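Read through the structure below, which is laid out as structure tokens, and then see the notes.
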């Protein structure tokens with residue numbers, strides 16, 4: 001005979017009910033705080049605070065006021081930190097909600113798991129109704145608690161993460177690939193010599209920031225014109241960097257009404273043609289809101305010598321020939337980006353690569369350079385990023401490497417096949433990767449710097465003790481990694497170990513990225529001064545020539561010429 005059931009443990013039941021009550025109150029409080037924080041992000045966007053907008057408007061009226069410019073930069077930095085602190089609070093709230101849910105479930109178990117011995121209902125007149133009422137009450141309490149738990153968790157996930165939009169299917173393959181689309185294709189083994197001699201994208205061939213055949217000058221004065229071959233006004237503002245192929249220099253510019261691509265004569269600076277984004281199907285009628293230091297023309301264009309491609313902060317991508325005639329245009333979903341889209345394009349082997357990581361969904365796309373058709377696209381488990389992809393040449397393949405939070409990831413450039421992914425980053429990612437000698441380098445302020453094996457993604461070293469970049473991207477040699485910062489510190493790091501070889505603190509830094517030309521680094525800072533530094537194991541300053549106006553971009557170098565975009569003009573230094 002089985003033993004009779006035990007009487008319930010009143011203390012255990014009471015403990016369970018108390019845990020449920022505390023957890024329910026905790027969940028409601030955290031959910032309320034998360035909703036309040038989300039409301040703050042929506043209604044009091046720190047990146048568009050009235051004080052910051054007022055200072056920016058005043059700076060437009062007084063462009064030469066350096067004190068005011070520094071105040072704008074400092075307030076902008078505080079605004080950015082406030083924004084991401086609030087986003088971090090939402091993520092923390094999600095984890096707190098999960099912990100509260102666990103406690104609630106534990107309390108539910110304790111209050112309902114003890115076996116009850118049913119009384120003799122015949123000996124208790126009216127007890128049947130009482131026990132039925134008690135059972136119904138317990139069901140209502142449990143059901144209400146579970147509903148509260150489910151609702152709280154829904155609030156947690158809704159506020160902590162933005163829902164990702166599923167990527168649509170790739171465009172169907174054209175019936176026949178145009179004949180000239182393969183005429184310019186380089187082999188998967190790497191770049192053509194012609195591409196290496198030119199500057200086909202942001203930071204040059206592969207976006208690596210390395211010039212292999214160039215000898216730019218060490219001294220010039222943009223204000224006086226000394227060492228300047230020409231300087232010419234750019235019609236519309238923008239933070240895109242120049243690209244160069246043969247005798248053409250390409251740039252983009254934009255305002256609220258127009259988005260344009262420009263071609264300048266590399267010998268004279270003459271504006272040869274302008275192309276715009278008018279009439280693109282599905283383009284937004286009103287451009288998205290952006291910050292003043294990003295705007296709608298932050299991404300740099302790309303070229304392969306026959307085609308020029310450009311993307312704007314509206315999500316519109318243009319494909320042009322080198323005479324400015326439109327080959328194709330397409331509108332990607334408007335980027336949900338609180339600063340503005342800034343990831344630059346790469347063009348290689350007939351494919352245009354677009355890193356499109358924003359709040360609405362992260363993905364990597366490859367467009368046909370001749371038709372604009374989507375050859376492949378890969379959804380990504382990544383947060384918003386302002387970084388640009390790099391293209392790494394390995395013995396096996398050409399590999400795309402992307403930096404975003406939380407992952408640094410590699411893809412086969414021909415097929416889009418994911419090769420490896422490592423969760424090593426965090427925060428706002430505006431810093432593109434670097435590469436040399438089989439190592440991929442990624443870094444970001446408030447995160448860390450890492451060296452990864454380009455073939456496997458294995459972590460070779462990681463460090464949080466370095467002065468880490470926040471906007472400008474690093475550049476690497478076989479022996480050293482060079483890290484720039486917006487606040488002025490430039491570091492030389494041992495590429496094999498991550499040990500600091502040297503650090504130097506300048507009075508100003510910049511958002512433009514340094515480029516490597518032979519054994520020299522050229523780094524244009526925000527006030528338009530180019531720091532020319534020996535790329536070696538010890539710090540050696542070779543020159544500090546001034547442009548004569550602020551600059552927020554990365555230079556292009558071809559032969560003996562250096563092309564720098566200033567705040568208002570494009571300079572050719574020779």
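The values are calculated or read from the model by the stated rules, or taken from the named source; none is laboratory data. Quick caveat: nothing in here was measured; it's all calculated off a predicted structure. Cβ: placed from backbone, ideal geometry, glycine included. Neighbour counts: every protein chain shown.
Structure values in brief
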| item | result |
| --- | --- |
| Selected residue (only one of 525, 485 is surrounded by 23 or more Cβ atoms within 10 Å (Cβ to Cβ) and within 22 Å of residue 386 (Cβ to Cβ)) | 525 |
| Selection count where residues are free of Cβ contacts under 8 Å to residues at least 40 places away in the same chain and either part of a strand (DSSP E or B) or in contact with a helix residue (DSSP H, G or I) (Cβ under 7 Å, 6 or more places away or on another chain) (or both), scope region 486-500 | 4 |
| Any strands (runs of 3 or more DSSP E) falling wholly within region 501-555 and containing at least 2 residues that are farther than 14 Å from residue 209 by Cβ | 530-534, 541-543 |
| Filter pass, residue 564 being in a strand (DSSP E or B), under 25 Å from the mean Cα position of the chain (by Cα) and closer than 15 Å to residue 227 by Cβ | yes |
| Scope region 382-402; condition part of a loop (DSSP other than H, G, I, E, B), in contact (Cβ under 8 Å) with a residue 40 or more places away in the chain and farther than 17 Å from residue 475 by Cβ; matching residues | 383, 384, 386, 394, 396, 397 |
| Test: residue in region 396-411 that is closer than 30 Å to residue 524 by Cβ and surrounded by fewer than 18 Cβ atoms within 10 Å (Cβ to Cβ) | no |
| Cβ-Cβ under 6 Å pairs, at least 6 apart or on other chains, region 408-423 side within 22 Å of residue 368 (Cβ to Cβ), far side modelled with pLDDT of 95 or more and not in a strand (DSSP E or B) | none |
| Residue list for region 225-253, restricted to those being touching a residue at least 40 places away in the same chain (Cβ under 8 Å) and outside any strand (DSSP E or B) | 227, 234, 236, 237, 238, 239, 240, 241, 242, 246 |
| Odd one out for residue 396, checked against (1) modelled with pLDDT under 95; (2) closer than 25 Å to residue 519 by Cα; (3) more than 21 Å from the chain's Cα centre (by Cα) | (2) |
| Within region 427-444, tally of residues that are without any contact (Cβ under 8 Å) to a residue 60 or more places away in the chain, buried (at least 20 other Cβ atoms within 10 Å of the Cβ) and not in a strand (DSSP E or B) | 3 |
| Scan of region 292-321 for residues that are under 12 Å from residue 260 (Cβ atoms) and either not assigned by TED's automatic domain parsing to the domain that holds residue 249 or not in a strand (DSSP E or B) (or both), ordered by number | 296, 297, 301, 312 |
| Test: residue in region 539-556 that is assigned by TED's automatic domain parsing to the domain that holds residue 441 and touching a helix residue (DSSP H, G or I) at 6+ places or on another chain (Cβ under 8 Å) | yes |
| Some residue of region 512-529 being at positive phi and at pLDDT 95 or above | yes |
| Test: residue in region 277-291 that is surrounded by 15 or more Cβ atoms within 10 Å (Cβ to Cβ) and either closer than 23 Å to residue 510 by Cα or not assigned by TED's automatic domain parsing to the domain that holds residue 337 (or both) | yes |
